[in-house]
Amino acid sequence: MRSLKACKKCRIRKKNVSPAQIEARRKYSRNKYHEDPEYRAKAVARMTRSKKANPEKLAAWKAVYYAVKKGNLKRLPCQTCGAEKSQAHHPDYSKKLEVIWMCASCHMRSHATEDPS
């Protein structure tokens, strides 16, 4: 089965990137993060900027994380395809605990088709 994720190594957006290519890129990034202090500093700075630019997203993510951890919110299978492993999708970040459970591929597809405005 092929994934719909784009290849980050060659920086070209294309369909049908194999899971092996995706895993190779993840391994490369993890190793570079741990071995290259400059790369790590840039990654940390990028995440810090993102958190500061999107405080509502961060608050929603934290609320779901702690609710699942405490058992107040139960992780469900993907509501689109039924896959067991799922992620919380927030259609509205102001409603922190109102989420749609989706697998990673359905979640990425939902963001790709969302209206950016």
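Please treat every number below as a calculation from the coordinates, not as lab data. These numbers come from a predicted model, not from an experiment. Here the Cβ is made from the backbone with ideal geometry for all residues, glycine too, and neighbour counts use every protein chain on show.
Some observations on this one:
- Amide H contacts of Thr80 (H built 1.01 Å from N, in plane; Pro and chain starts excluded): Cys103 sit under 5 Å, all sequence-distant by 5 or more or on other chains.
- Kirkwood-Stokes translational diffusion coefficient of the stretch 54-117, alpha-carbon pairs, 4 °C, 1.567 mPa s, µm²/s: 107 µm²/s
- Taken along the Cα-to-beta-carbon direction at a fixed 7 Å, the label points for Tyr65 and Thr113 span 2.9 nm.
- FRET efficiency, Lys85 to Lys42 (Cβ-Cβ, R0 41 Å, nearest 0.05): 0.85
- Close amide H contacts of His89 (hydrogens built in the peptide plane, cut-off under 5 Å, sequence separation of 5 or more or a different chain): Ile100, Trp101, Met102.
- Each of Met102, Met108, Met47 has some number of other Cβ atoms within 10 Å of its Cβ, and from fewest to most they run Met47, Met108, Met102.
- Among the listed pairs Lys42/Lys62; Lys62/Lys85; Lys42/Lys69; Lys27/Lys95; Lys42/Lys74, those with a Cα-Cα distance over 28 Å are Lys42/Lys69; Lys27/Lys95; Lys42/Lys74.
- Order of Glu35, Glu98 - criterion: other Cβ atoms within 10 Å of each residue's Cβ, fewest first: Glu35, Glu98
- The modelled label-to-label distance for the pair Asn72/Arg25, using points 7 Å beyond Cα in the direction of Cβ, is 3.6 nm.
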